[in-house]
Amino acid sequence: MASRKKSSRRKYGKSSSKHVKSAMHRRKKGTLERGKSGHGGKVKSRKQAIAIGLSEARKKGAKVPRKKKGSRKRSSHKKKRR
């Protein structure tokens, strides 16, 4: 079995971790909100806070891996009526 070399490059940049850290602090304070305009309510989940921090870092141009594109389920309530 051939041994694989580990890359020494960082997956996430330093600035991206700062964005995640600030998002976690805002979550603890209760000021982190969902959605673009914050109408979705307050974020309570840790994972969601991390995702928001990473997406903010991505928008600012920090080194963050691309989002994985998952297969979206079709919602049943949006079916065409005939």
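So is S37 among the hydroxyl-bearing types (S, T, Y) and at pLDDT below 80 or not? Spelling it out, S37 is indeed among the hydroxyl-bearing types (S, T, Y) and at pLDDT below 80. Determine whether the stretch 66-82 contains at least one residue that is modelled with pLDDT under 90, surrounded by 10 or more Cβ atoms within 10 Å (Cβ to Cβ) and either over 13 Å from the mean Cα position of the chain (by Cα) or among the aliphatic types (A, V, I, L, M) (or both). No, because not a single residue in the stretch 66-82 is modelled with pLDDT under 90, surrounded by 10 or more Cβ atoms within 10 Å (Cβ to Cβ) and either over 13 Å from the mean Cα position of the chain (by Cα) or among the aliphatic types (A, V, I, L, M) (or both). Residues that are part of a helix (DSSP H, G or I), surrounded by fewer than 11 Cβ atoms within 10 Å (Cβ to Cβ) and touching a residue at least 12 places away in the same chain (Cβ under 8 Å) within the stretch 1-20 are absent altogether. Can you find, within the stretch 42-61, the residue that is farthest from R26 (Cα to Cα) among those that are under 13 Å from the mean Cα position of the chain (by Cα) and part of a loop (DSSP other than H, G, I, E, B)? By that ranking, first place goes to S45.
Of all residues in the stretch 22-41 being charged (D, E, K, R) and surrounded by 12 or more Cβ atoms within 10 Å (Cβ to Cβ), which is nearest to the chain's Cα centre (by Cα)? Steps first, answer last, please.
First, the residues of the stretch 22-41 that are charged (D, E, K, R): 26-29, 33-34, 36.
Those still in the list that are surrounded by 12 or more Cβ atoms within 10 Å (Cβ to Cβ) too: 26-27, 33-34.
Values: R26: 15, R27: 14, E33: 13, R34: 11 Å.
Checking each candidate, the answer is R34.
The values are calculated or read from the model by the stated rules, or taken from the named source; none is laboratory data. Here the structure is a predicted model, which means the values were calculated and not measured. Heads up, the Cβs are rebuilt from the backbone with ideal geometry, glycines too, and the neighbour counts pull from every protein chain shown.
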